[in-house]
Amino acid sequence: MKKNRLKYAGYSLFILLLALTLAASSNDKKTVNDEMGVFIDSLINEMTIEEKAGQLTLYTSGWTVTGPQLRDDYVEELKAGRAGNLFNAHTVDYAIKLQKIAVEETRLGIPLLFGLDVIHGYKTTFPIPLAEAASWDLALIEKTARLSAKEASSAGINWTYNPMVDIARDPRWGRVAEGTGEDVYLGSLMAAAKVRGYQGTDLSHHATVMACVKHFAAYGAAQAGRDYHTVDLSDRVLRETYLPPFKAALDAGATTVMTSFNELDGLPASGNHYLMTEILRDEWGFDGFVVTDYTAINEMVPHGVVANNKEAAALAFNAGVEMDMQGGVYSKYIPELIKEGQIEESRLDAYVRRVLEMKYRLGLFEDPYRYLNADREKETLFSKELMDHALELAKESIVLLKNENIKGGPVLPLSKSTKSIALIGPLADNQKDMLGTWHVAGDESKAITLLKGIQEVAPDVSINYARGVSFQGSGSSGFAKALQAARKSDVVVMALGENYQQSGEAASRSEIGLPANQLELLRQIHALGKPVVLLVMAGRPITLEWSDQNIPAILNTWHLGTMAGKAIAEVLFGDHNPSGKLTMTFPRNAGQIPIYYNMKNTGRPFDAKNKYTSKYIDVANEPLYPFGHGLGYSDFSYSEISMNKKEMTQNETLSLSVNIKNRGKHDGKEIVQLYIRDLVGSVTRPVKELKGFQKVAIKAGESRKVTFSISSNDLAFYTRDMSHKAEPGAFEVFVGTSSAKGVSAKFSLK
Ligand code: BGC
């Protein structure tokens, strides 16, 4: 045993010398890869089957509600080399203890990988991903990932289970909070930006982490929005809608992929050879490793495609899945399965190699403690850089849904000389819930509440605060105090919505309105006749039909994280002009779901005069707020579209522009959106597809020309024979402030 450890130590020295030589001479990637190959091959040669299975095993640590804890049972697994990777083990102190066990007490001393769900920040909590997406700001999004990586890696993490790139068109599904919404084009760009941010250009740098793109695949298409439910899709829809963000993330260099819980075409993803091998490896050439979602291999038993865990392990393994998260079945059954010839040892070696390669690329063989520096951790957590970004991103994520004129002017922004406001609702003075779902390590004690934010931003305004109502339930004992606060104030600000557990995993809702009691309080406050501003804080689109009809100003503020209160207060009082735009359609009621902007036209498109067209008889077809919608305190007008040509060939690009004028009194930002419709295709095409956008700052009274170019790439789709190309014909182009409002023109492709 000792000999092997010494051998490993010798390798470390060898690698260090090699790195120094390379740095001094040329940066020859091939040589590094060759050396990595030699190192890993000889390590694999030393490994027993059990140790190999251990490298394919990932367990959650013994972290409990009260903090990190070294649990005897998994410490034994670690020491025996039966668990090569851990998640939910963070903080330098804790991770050092665990890494020491792996390095000093296992036979081969192979370092552990430390994973965590760093979904929207580590300690400093950024807006939930769906909110962040509303910024439409790729540079900011990349920066969020980079800073998340910096903070998490300072606490020992070298692998995040993000980005979550599941396209989501059903707001009943609680996990819509974790992704970027309904659009494929936007989702793909954002997926790539996140991967670049997390991984940087050098995985071995102490401030970068491996990204894990998830959940592969089509998890967002769960029937009826019920989490973990069945998915049944055509290959066309899979490839057109659900796969592109994964491909984009992998093209950006994502090193790992997580399987999804759902079945696809009758086979759970974790045992699905078509997904894990044919698409991922053979078509896309992915060379990182695949990890399952939590116990997803074992769940193939209740799915009903295998009779027991051993069969499940064989199915997943042979489908192409490298690592078993938390199920413990690889570690338990791989040795037996090899003996019985049900799986091949050469394949086992290939899987182990992919995992060890990542440990090598992270620099863990060179220095297993490179991410474990207590001084760096102390300096980095909640640093100014992180907090400033949290504030900036939170402001960019807010979406102004409605802002009516009353008494001659718009309700928002509020004047800082307003004498008094009533601040009411369960989210008005609340630190924890604003952090939103998956604030795994987030520290609520640092969160700025709305009450505190308003006190800072508008210190002269007197605030009459009342919680008024709880998130759920039917008690009305708090109503009287809330009504009284409203009565004695000039303006009422209501902070309503969801708590952090009402969205996210295992938090599907069948009704997605404001919880009944909150709505009831809103109605009673509204009846007082005071100007009311509604702040909707939630992890999903909320149905707001009554509010839209009755409340003059509505801001959708999601769950914005640590700096939420400050960001919202700055928007409320006009220090920041909101510019966020929805990346998920807001339906009028849950019966309209699934509803998304790039639907098909059907053979009987809506016609109000014709009963026999595609529509509801009890609700409009249009959503309440369409994809891309979002107002601001400016007022932008769009000119007609001008184009450099009306006809293009497959090799040409077409350039078009619009002039946008800020007619308002506030400097502002506009997210200008470009949509295209292919009027006749070999298969039906959506009525609109986003193909470009620009976020431009325009000063009050000024104009700006915004130019887009279109190439045949933007017009390509899966044609009737499933080849991906642009078909000649007529197209409509639409440039607008949302998917529903803008100017259009026509062109053709020869
Ligand atoms: C979730 C994943 C997550 C994993 C580890 C699962 O329940 O579906 O998204 O990464 O747990 O925490």
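All of the numbers you see were taken from the coordinates with simple rules; none came from a lab. On a predicted model such as this, the values are computed, not experimentally measured, just so you know. Because the Cβ atoms are built from the backbone with ideal geometry, glycine has one as well, and the counts that use them run over all protein chains shown.
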Given a Förster distance of 45 Å, the FRET efficiency implied by the Cβ-Cβ spacing of L70 and K481, rounded to the nearest 0.05, works out to 0.40
The size of the Cβ-based charge dipole (Lys, Arg +1; Asp, Glu -1) of the chain about the Cα centre, to the nearest 20 debye, is 2200 debye
For region 636-749, the Debye formula with one identical point scatterer on each Cα and no solvent gives log10 I(q)/I(0) at q = 0.11, 0.17 Å⁻¹ as -0.38, -0.79
With the label point 7 Å along the Cα-to-beta-carbon line of N659 and a cut-off under 17 Å to each amide N, the hits in region 698-714 are 698-708
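Which order do peptides 470-479, 547-556, 649-658, 321-330 fall in by mean Cβ count within 10 Å, highest first?
On the way: 470-479: 13.6, 547-556: 20.3, 649-658: 15.7, 321-330: 25.6.
Ranked by mean Cβ neighbours within 10 Å, highest first: 321-330, 547-556, 649-658, 470-479.
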The correct pair for region 245-314, radius of gyration to one decimal and Dmax as a whole number, both in Å and from Cα atoms, is 12.6, 39
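Go ahead and estimate [θ] at 222 nm for the chain from helices alone: -39,500 (n - 2.57) per DSSP H run with n ≥ 4, summed, over the residue count, rounded to 500.
On the way: 21 runs with 227 residues, N = 750.
It lands at -9000 deg cm²/dmol.
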Taking only C-alpha positions in the chain, Rg and Dmax in angstrom work out to 27.1, 85
By the mean-Cβ-within-10 Å protection proxy, highest first, 198-211, 422-435, 514-527, 153-166 rank as 153-166, 422-435, 198-211, 514-527
Reduced to Cα centres, the span from region 83-120 to region 371-440 in Å works out to 34 Å
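Run the numbers on region 636-749 and let me know its relative contact order in percent, using alpha-carbon pairs under 8 Å that are six or more apart. Walk me through the intermediate numbers first.
Working: 267 pairs, mean separation 37.1, N = 114.
Here the relative contact order equals 33 percent.
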Along region 364-375, Karplus-curve 3J(HN,Hα) (6.51, -1.76, 1.60; θ = phi - 60°) to the nearest Hz, with x for Gly and Pro, reads 6, 6, 5, 8, x, 9, 5, 9, 10, 10, 5, 5
Reduced to Cα centres, the span from region 629-654 to region 659-693 in Å works out to 7 Å
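Given R₀ = 35 Å, what would the calculated FRET efficiency be for E640 paired with S614, taking r from the Cβ atoms and rounding to 0.05? Spell out each step's value before the answer.
Values: r = 30 Å, r/R0 = 0.87.
After rounding, the FRET efficiency stands at 0.70.
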If the chain between T602 and A506 were fully extended at 0.36 nm per residue, the gain over the current Cα-Cα distance would be 31.2 nm
The helix 516-526 Cα axis meets the longest alpha-carbon principal axis of the chain at an angle in degrees, between 0 and 90 and rounded to 10, of 30 degrees
Listing R704, R169 by rising number of other beta-carbon atoms within 10 angstrom, fewest first, gives R704, R169
Summing +1 per Lys or Arg and -1 per Asp or Glu among the other residues with Cβ less than 12 Å from S614's Cβ gives +3
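Rounded to whole Å and sorted largest first, what semi-axes of the equivalent ellipsoid does the C-alpha gyration tensor of region 372-460 yield via the square root of 5 times each eigenvalue?
Working: eigenvalues 212, 39, 39 Å².
The three semi-axes for region 372-460 are 33, 14, 14 Å.
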Distribution output for region 383-592: share of Cα-Cα pairs per 5 Å bin in percent, first bin at 0, values 1, 8, 16, 21, 22, 17, 9, 4, 1, 0
Per-residue Cβ contact counts at 10 Å, fewest first, order T125, T256, T719 as T719, T256, T125
For T719 and K100, extending 7 Å from Cα along the Cα-Cβ vector and measuring point to point gives, in nm, a value of 6.5 nm
